[in-house]
């Protein structure tokens, strides 16, 4: 929950700092929350065994490595979809190509992670989708607010 709340509220930093402060659009909060949960899942994966040995029992630990490597990319793709659909009028027609590319990268990440969780392909594909999401956020401009 802390990652969902903290990342979900990150767009508010940009929208509340405007000369006319306003809360971000719901899609921006949802996308931020999904990014936060996905970041948490991906960050914890290498440390699952060590964390369990010390008694840490967060969401990725409860899900296990196999489910986490599948859930993380799906969450990232959900963030991509929220941004593309939420900021549709601002992003232009190429947004669908970005969404499709992110879907391919997320599928590669999940596939690579399921066969070998410590895979470099899993890491790089996950980072690629996260970077695309951040770029889409940045290109959303005034659509961040309702």
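Largest GNM mean-square fluctuation among 97, 112, 65, using the chain with Cα springs under 10 Å: 97. Build a GNM of the chain with springs between Cα atoms under 10 Å apart, and of 21, 11, 60 the one that fluctuates most is 21.
The distance linking region 28-53 with region 115-146 is 14 Å (Cα centroid to Cα centroid, whole angstrom).
Once a ≥ b ≥ c are taken as the square roots of the eigenvalues of the Cα gyration tensor of the chain, is the result rounded (a/c under 1.5), prolate (a/b larger than b/c) or oblate (a/b not larger than b/c)? Because a/c hits 1.5 or more and a/b fails to exceed b/c, the chain counts as oblate. For the chain, a Gaussian network of Cα nodes joined below 10 Å ranks 32, 58, 78 by mean-square fluctuation, and the top entry is 58. Counting only DSSP H runs of at least 4 residues, each contributing -39500 (n - 2.57), and dividing by the residue count of the chain, the helix-based mean residue ellipticity at 222 nm comes to -24500 deg cm²/dmol. When 119, 68, 140 are arranged by Cβ crowding within 10 Å, least crowded first, meaning fewest neighbours, the order is 119, 68, 140.
Readers should treat all values here as calculations from the given coordinates under stated rules, not as data from a laboratory. Just so it is clear, the model here is predicted, and its values are computed rather than measured. With ideal geometry, Cβ positions are generated from the backbone for all residues, glycine too; neighbour counts draw on all protein chains shown.
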